[in-house]
Every structure is written in C-alpha cells, then in structure tokens.
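The values are calculated or read from the model by the stated rules, or taken from the named source; none is laboratory data. Note that this is a predicted model, so its numbers are computed, not measured. Note that we place each Cβ from the backbone using ideal geometry, even for glycine, and neighbour counts take in every protein chain shown. The protein model used for the area step is the full one, side chains on, heavy atoms only, and it has no ligands, DNA or RNA in it. Shrake-Rupley method; radii C 1.70, N 1.55, O 1.52, S 1.80 Å.
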2 protein chains.
Amino acid sequence: MKIIDVEYAIIGAGTAGLGAYSKISRKTDSLVMIQDGPYGTTCARVGCMPSKLLITAADHAHDIETSEFFGIESTGTVNGRKVLERMRRERDHRFVARNLQYVEKIPAHHKIEGRARFIAPGHLIVGDGVEVKAKKIILACGSRPEISEVFNPVLSRVLTSDTIFEITDLPRSVAVIGLGVIALELGQALHRLGVKTTLYGRSGKIGGLTHPDMQQETLKTLSNELEIYPSGTVERTWEDEGAWIQYRQSHGETVTKVFDRVLVATGRVSNVDRLDLEAAGVSSDQHGNRSFDPDTLSYPGHPIFIAGDATDVLPVWHEAFDEGRIAADNAMHYPDTVDAKRRTPLMIYFTDPQMAIIGKTYQELQSQEIIVGELPFASPRHIVWNKVDGRIQVYLEARTGKILGAELLGYQAEHLAHILALAITHQMTAEQVLEMPIYHPSAEELLRDVLENAQRKR
Amino acid sequence: MKIIDVEYAIIGAGTAGLGAYSKISRKTDSLVMIQDGPYGTTCARVGCMPSKLLITAADHAHDIETSEFFGIESTGTVNGRKVLERMRRERDHRFVARNLQYVEKIPAHHKIEGRARFIAPGHLIVGDGVEVKAKKIILACGSRPEISEVFNPVLSRVLTSDTIFEITDLPRSVAVIGLGVIALELGQALHRLGVKTTLYGRSGKIGGLTHPDMQQETLKTLSNELEIYPSGTVERTWEDEGAWIQYRQSHGETVTKVFDRVLVATGRVSNVDRLDLEAAGVSSDQHGNRSFDPDTLSYPGHPIFIAGDATDVLPVWHEAFDEGRIAADNAMHYPDTVDAKRRTPLMIYFTDPQMAIIGKTYQELQSQEIIVGELPFASPRHIVWNKVDGRIQVYLEARTGKILGAELLGYQAEHLAHILALAITHQMTAEQVLEMPIYHPSAEELLRDVLENAQRKR
C-alpha cells in the first residue's frame, strides 16, 4: 500500500476545496487534494450554471407567451431535446471545461482520486490503494441530495438536482417535492418549458424571505402561475404507469396525482458522514452531527477544518469559496486561529419574480428597534416591463438610520440586492445611499423610493 | 390687461419647473408657474417613458428572433398599430396621467397658461392677455428638436422625438439622422420592430463613450445589427414617392437612398431664444448664447435663474429635477448664492448592448495618472444569456486606487452603473468595493473582475 505523507490534505476538489487549495498551494508543496468522482464543482455540474441555463431557456419561452401585451403576436414551441442539449453543451464546454482546465494545471502529485475515510487521527485511506497521512485535514467533501424513503416505490422516476440535468427530453409532468430555492427555480423553469408541474411543500414556508408579509406575497405571486400545495405530507407513493403521489394537506384533505417524474428537492446532506470522522477522534453528539466552530471552521482540539456544503449550512458559491480560504487560513495557523472576516450575507433566488435577502433577515432583527421601509415592486420601469409583482422591504436601525438588511421579491431584484450589499458592507445609512444618482427610469428608482419611505417613518 | 405681481415666476412646468416649484411653494404663496402648451413633462410625453415602452416591445420582438438558440422554436409578427397603441396607452394612462394629477393639485392661482416673453427686467407678458411682474424668474422652458434646413424638401416625412410617438403605424423604412442617444435608442427599436432602418452620423462619433477603444467597440457592435454610416454629411434631400437622402461619406463616396420617414435626432436646442431675454437686460454674447453660472444656475447680476433642458446642456431627468431645485434655492437666497451639491454624473443609453458613463469620463481623466481596468462584457451569466458583446472600463486614481469613473458597453450595464455610482459618490477605492459579496452567477461578477483587473495593474 502506497503511503503519502504531507502537511495538508484537502478532501474534495469542488469550490470550497479549490478555495483552500488556492491558498495553501502558494505556501507549500506538501499537500494533496483528494477527489471522489469526476472533477468539476457542484456549481458548474449540477448547481448554479445548469439551473441558470435552463431558467434562461424558460424565460425565453415565457417571453413568447407574454409578448402579445406589447403588440408582438407570436407562437413558440419548446423543443425539449434541444433545450436540454443546449443547456448541457454550454455547461460542459464553458463552465465545467473552465473548471477542468484549472484542475488540469494542478500538479499531478497534488491530486489523488478516490473516496477518502479516516482510519486514525491524521490518517486517511483513499479508495483501496492509497494511505494519506496529513498533519492538517480540510473537509470539503460537499453534499448530496436527500431522498426520503417514502419515494422508494417510485425511485426509478425520481430526479434530484444531481440527475435532472442529464435527462434527454422533458417529461410531460413532474411533481416537485420541496419549496426551497432548487424546487422553486427548477419547478418554475419546467412549468414554463411546458411540463405540467405541481409543487408540494411541507411546513407552508415558501422560499427564503422571513417577514410574514413577504412569505404571503411569495405564495400569492407564485401561485398565480404554479400549482402549489404549500403545507402537508407525502403519505404514500406507488408506481402504476407513472409515479402516484398521495399527499395529505395540513388542513386534512388528501390529493392524489400521477406524474412522469418526481423531482425531490427537499434538501442536501453533508457527505461528512461518509468519512468515519470518529476514527479521527472527533466525537459525534447525540444527533450524529459534528460540532465545529463556525467562525474558524475548525473542530476545536483537532487539526481538522471544514468548508463549503460539507458544513451542512449550504453556503452559496462565493461563500463556499471564501470558506475554503478561511479553513485553509486556520489550518495554516493551527493551533492558533484566524478570525474570518465574513462578507455581508447575500442570497438570491432566480425565480420570476426573483427573491433576495441581504444582510440581516427580518427574523434576525425582530428583537431590535428597526424601521421597515416597504413598497410594492412597481417602479415606472417595472410598469414599462409589465413586471409589477412583488414587494420590497428594507430594515433600518431606528436610532441611526443605518441599513441592516432587506428582503426583496420582484423582477430584477438581484441588482438592487447588490447595491444594498455594498451599502450594508460599508455600514451606510439610508441618507448616504440617497446621495447617489438614480437614473430614470430604472429599477433602482424603487430602491430610492423605499429608502425614502423608511426615512419618512423615522 | 391683467397684471400679476409675485415674488417668483417659473417659466415652464416640466421636470425642472416642477422641481423649482416643489421647493419654492413650500416657502411662499407668491409665485406663478407659466406653461406653454399642454402640461406633462418632456420625459413622460416624448422622452424617457415612451422610448422605453417602445424599446421594451422591440426587445420582445428581438427575443423571439433569438430564442432558437435556447431550443425554443418561435415565430412572431409585429403588429405595428398595436405596439404603438400600447405604447401610447401606457404612456398616457400611467406616466402623463401621473404628472397631470400632480399639476392638478397645484392651486389655480399658481398656474398661468401661454407663451411667456420678457418685455422689461422682471416683467413678462404671457400670450396676449396677462402681464407678470416677478422679482425672481426661473427659466425652465425646455428645449425643442433641431431640424436642419437640408430636410425642408421632405419636411412632411420628417419625424423628431417630439412627433414619432404619435404615428399610428410603423413606417416600412426610416432614415435616422444622428448617432446620439435618441437616434440609437429609437433607431435600434424601430429596426427590431421590422422597420428597415439606416442611421447616418456626422463626425464618426457614436454614442457617448469617450475612450477610443470604447467608441470603436460601440460602432463594431451596433454595426453587426444595424446599417450605420458613421461619418459624412446629408448633402441634399428631395421628395419622390418617398424621402430621398443623398449622403456624402467622409471618405468621399456618396450614398443615395429613399425612405418612408426621416427621424431627425441631431440634437435639441433650448427654448430660451424665444424669451426675448435682451428685454430683461441680459446681453447675449457674440454667438447669441447667454452666459449663466453653471454652479448656481443664475445669470450674474440678474435675478434670473435657469434649469433643465433650457440650459442647453440637456441634463438627464434626475439632473433636471435637481437643477430646478438648485435654481429655486439660488432664487430664494438671491443676491446670495448657494453652491449646489451635484450628484455623481450618471448617463445610460438604453440600447442593446447598453452604454453607461459614471463619474468622470476617460476624456476628462486623460491628463491624470489613472489605471484603466478593462474586460470584455462576458461574465458567466452573460454567457448564459448569450449576451456577450461589449466591454467595461473602470478608471482608478493611480496613487489611491479610488474609483474615478467608468465607461460600459454591455447587457445589463445599467445595474453595474448604479453600483459604481454609489461607490464613486462615497469616494470608494476598488478594494473597498471588493469587500462586498458578489453573487454567482450575476452580471455583477464582471464588476468584481474588472476591479481586480485594475488592482493587478497598480
């Protein structure tokens, strides 16, 4: 058995692993990165990029259906095979390829392929053939979709975000299980591409906005277009020329429908459970979760660090990369710790209308004295676009007028979100942001108006 | 003859006039606003709003033509009458109506209708029936399109931005004279709506970007779609079952074509020349122009102030409104002056790709030591959209890294422009902006990348 003895081992060559690698490889040659399965990040293969490619196709299909309002009479046919081919072609040739080129440049002796697990502290076995001894180990082993056992009878029809981008034609109908970001983005895209789509929630919560009015607005707006059961339980599934789903709504009524496919998007779980972390001396608490320090991304008392999806917090892409670097920084300073400077939180859902959360959520601010500036998402430009659904809320610190956070549901919300992110990063007040020029007519006028709305309430 | 004696007279009830009114009316009842022609701003009637409505329709038509790339097979027919009806309906019921409602609320004794001209210092005659004596007078009388005499033979086929939005059906062909913002926005929109369009420039300059590479990129990109003659002179026009245009290109060759319509968009001139300003004691210089102080918007030595399009500088909407307020401020403090705090310059062209200038232009910075960060307009998101034309430049102060200005040509440039406008307003360095989170994949990643590109050159 080959034994490799290094200073650093990084388990996983995804976004977080590469973030860690970019930092450590500048300082030392004594490192390996261990990859299980083909290279290419979750983002490029099954996440951000293919989903945005599919959504863009769906937007085009939707535009055709809505163009008559503008005086353009049109008809369109979705060629499902072509939509999917284009999506995969762009994904593979542009985004995955770019990633593979980067990995290609990494020296061969820094790369090991196979699934890693601990056999002792600082001691890993990779596949069946290689042992790695490393003083410091970074867990960037990602996550996998979670599939409840209730779907076992229809498993051959079940898709997850890991498999949906490999289908060769669009199904006629799909049940989407979940109302989180993946469920909503893909569910709406499939619907707009002509797939008969039904979405099933669990707790009634939809999307990520936390203010009760924003939750309500999200459900109302998306229900105008999509068939959504927000609250209930999938009780039973069975196969009979389709996947039958029996769903009991919270208020008691049962709905039973049959679908070509079932997209299970109820969450992802960390792959850390496959690492035999106990063998490294890390004890699991009673729920089976491991406890690491979220500030330093390290397991106190162990030279083990964690980053990206492996943390089970499911950071978005830029956070996963930042985390890889933070974990690397702490590994390099071990046993000292380096306090990470985290960026302002920013989350965007690429639905239509989009959702965005910037800085602190309403839920996080509930106990503070805040002013809520609030408006419908309907600037003059939004009227021009005929895209006036949604709502914007900004949260100001009552005493200072400082912008603490915001929740947005609306067309082009992603751009207002970035302006707010810059303002919050630099602790600006509403008044300071209002010093900037705002072009007429632009979506950004809504930001001006909602900040003025908040100012007037102070 | 009725004589009205007031402290303040505002000539013009457009954006600048209303800006001035909003400020003065809070302090005194002794004012009149004099409007020539129907109420409603240039912006709402013939500017920002109808042009954006037309562009949105054109974008929809264009989307249909480009959707096959995404796997959506579609065909569309532009119903010209419906496009124009929808444009006018939205314009009149939403934007003009909103303006008229605002004017409606202004007390009747503050409003006079008719064309004003000076008969003596502080003394106006309005139409034939009313004299107004005012201690301080604000000129917010707007501008009108300029039409060269060479178009006299085809005048019945000439359109300007003041008349184009009134046509009931789209012409088959149009010659667009000019390569400024109105010419490019409307020329491209008409082309996308199926009108055979040719654009004629004069000096070779196209759009507003000032860096030679950006000029070149603009011409190259727009010429891929549009027929553009950038440099030459319209020598002769005549009518013969169409408007014939004989145009001599700078390099000598002559092009002669016939069109249904001619859109003259070579600029607007101030209406100040209609006011008999000499009668107010303001002397004209040898070129016939009046000289006012651009900081205080006042004519030194006279209680006369000027704002908006009337200045001949053609401010964009938010500047026109700001200027009305600045002029009002100076009128109220006369003979003292109030130094105006101007916002960071921000100009956006709603072409596809869009153009934007923020802060100082390259031309203005040429003599300073600057770093130019520069990239093609092709973030991962732009690749997803299949919209990768264009280029971005940011200008940093070499010594400090402070962002001084930027020029953009690209899809969704308007949003990056606003982030840069906030950063420049608060004198941020590239490094400070790079502390913000940037979502993946978003157009804003391009901003991150170009700032990093500039940083590496320091």
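Counting only other chains, and only Cβ atoms inside 10 Å, what mean value do you get across the residues of A:413-424? Before the final figure, lay out each step's value.
On the way: counts 0, 7, 9, 2, 4, 13, 8, 2, 7, 15, 4, 2.
Counting other chains' Cβ atoms within 10 Å and averaging over A:413-424 gives 6.
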Sequence-distant lysines (8 or more away, or on other chains) whose Cα lies within less than 16 Å of B:LYS27
B:LYS135, B:LYS136
Whole-Hz ³J(HN,Hα) for each residue in the range A:154-168, computed from phi via Karplus 6.51 cos²θ - 1.76 cosθ + 1.60 with θ = phi - 60°, x for glycine and proline: what do you get?
10, 4, 5, 9, 7, 10, 10, 5, 6, 10, 4, 7, 9, 5, 9
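Can you pull out the GluC sites (Glu not before Pro) in the range A:121-210 that DSSP calls coil and that have at most 15 other Cβ atoms within 10 Å? Walk me through the numbers on the way to the answer.
Working: sites: A:GLU131, A:GLU146, A:GLU149, A:GLU166, A:GLU185; in loops: A:GLU146.
Passing sites in the range A:121-210 are A:GLU146.
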Test item: Cα-centred dipole of the range A:101-249, Lys/Arg +1 and Asp/Glu -1 on Cβ, debye
600 debye
Can you pull the mean other chain C-beta count within 10 Å for peptide A:383-394?
3
List the distances, in nm to one decimal, from the label point of A:THR233 to the label points of the same position in every other copy, shortest first, placing each label point 7 Å from Cα along the Cα-to-Cβ direction.
8.6
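If you place +1 on the Cβ of every Lys and Arg and -1 on the Cβ of every Asp and Glu, how big does the dipole about the Cα centre of chain B come out, in debye to the nearest 20? Could you put the intermediate results ahead of the total?
Numbers: 50 positive and 60 negative charges, 142 e Å.
Charge dipole, chain B, about its Cα centre: 680 debye, nearest 20.
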Counting only protein heavy atoms and leaving out ligands, DNA and RNA, the solvent-accessible surface of B:HIS302 at a 1.4 Å probe, in Å² to the nearest 10, equals 50 Å²
Report the normalised scattering of chain A as log10 I(q)/I(0) at q = 0.09 Å⁻¹, calculated by the Debye formula with identical scatterers on the alpha carbons.
-0.69
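If the chain between B:ASP29 and B:VAL269 were fully stretched, how many nm would it gain, using 0.36 nm times the residue separation less the Cα-Cα distance?
Values: separation 240, 0.36 × 240 = 86.40 nm, distance 3.21 nm.
So the extension gain works out to 83.2 nm.
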Could you give, in nm with one decimal, how far B:GLY252 is from each other copy of that position, shortest first, with labels 7 Å out from Cα toward Cβ?
9.3
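Once every DSSP H run of n ≥ 4 in the protein assembly as shown is given -39500 (n - 2.57) and the sum is divided by its residues, what mean residue ellipticity at 222 nm do you get, rounded to the nearest 500 deg cm²/dmol? Don't skip to the end; give the middle numbers.
Numbers: 26 runs with 270 residues, N = 916.
That comes out to -9000 deg cm²/dmol.
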Just grab the label-to-label distance for A:GLU431 and A:LYS196, each label 7 Å out from Cα along the Cβ direction, in nm (one decimal).
6.0 nm
State, to one decimal in nm, how far the label point of A:ASP5 lies from the label point of A:SER22, with both points 7 Å from Cα in the Cβ direction.
3.3 nm
So, taking all protein chains as they sit and a 1.4 Å probe, how much accessible area belongs to A:TRP244, in Å² rounded to tens?
70 Å²
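To the nearest 20 debye, what is the magnitude of the charge dipole of the range B:308-374 about its Cα centre, counting +1 on the Cβ of each Lys and Arg and -1 on the Cβ of each Asp and Glu?
Working: 5 positive and 12 negative charges, 30 e Å.
In total the dipole reaches around 140 debye.
Counting alpha carbon pairs within less than 8 Å and at least 6 residues apart, what relative contact order, in whole percent, applies to the range B:354-458? Before the final figure, lay out each step's value.
Numbers: 209 pairs, mean separation 35.8, N = 105.
For the range B:354-458, the relative contact order is 34 percent.
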How large is ³J(HN,Hα), in whole Hz, for each residue of the range B:300-312 in order, when computed from phi with the Karplus curve 6.51 cos²θ - 1.76 cosθ + 1.60 and θ = phi - 60°, using x for Gly and Pro?
x, x, 10, x, 10, 10, 9, 7, x, 4, 4, 6, 6
Distance from the Cα centre of the range B:201-276 to that of the range A:384-458, in angstrom?
40 Å
Considering the rotational relationship between chains A and B, which residue of chain A contributes the beta-carbon of minimal distance to the axis, and what is that distance to the nearest Å?
A:HIS415, 2
Exam field: A:SER156 pseudo-label spacings to other copies (7 Å along Cα-Cβ), nanometres
7.6
Do any GluC sites (Glu not before Pro) in the range A:243-338 lie in a loop, going by DSSP, with at most 12 other beta-carbon atoms within 10 Å of their beta carbon, and if so which?
A:GLU253
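What average count of beta carbons from other chains do you get within 10 Å of the Cβ of residues in A:60-67?
Details: counts 11, 5, 2, 8, 9, 1, 1, 9.
That works out to 6 on average.
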Taking Cα atoms, how many degrees apart are the long axis of helix A:444-457 and the longest axis of chain A, rounded to 10 and kept between 0 and 90?
80 degrees
In percent, how large is the relative contact order of the range A:255-329, given Cα pairs closer than 8 Å and 6 or more residues apart?
24 percent
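Roughly speaking, to the nearest percent, how much of the range A:1-156's 1.4 Å accessible area is carbon and sulfur? Working shown, then result.
Numbers: 3290 of 6820 Å².
Reported share for carbon and sulfur atoms: 48 percent.
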Convert 4 °C to kelvin, take the viscosity as 1.567 mPa s, use the Kirkwood radius over C-alpha pairs of the protein assembly as shown as Rh, and evaluate the Stokes-Einstein diffusion coefficient in µm²/s, rounded to a whole number.
42 µm²/s
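If you scale each eigenvalue of the Cα gyration tensor by 5 and take the root, what three semi-axes come out for the range B:86-172, rounded to whole angstrom and sorted largest first?
Details: eigenvalues 211, 104, 19 Å².
After diagonalising the Cα gyration tensor, the semi-axes are 32, 23, 10 Å.
Percent relative contact order of chain B, based on C-alpha pairs within less than 8 angstrom and at least six residues apart? List each step's numbers first, then the result.
Numbers: 958 pairs, mean separation 71.8, N = 458.
Reported as a whole number, the value is 16 percent.
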Using Cα positions and a limit of under 21 Å, work out the lysines in reach of A:LYS402, with same-chain residues fewer than 8 apart set aside.
A:LYS341, A:LYS360, A:LYS457
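Please list A:35-41, B:343-349 highest first by mean number of surrounding beta-carbon atoms within 10 Å per residue.
Details: A:35-41: 18.4, B:343-349: 20.6.
Most protected by this proxy first, the peptides run B:343-349, A:35-41.
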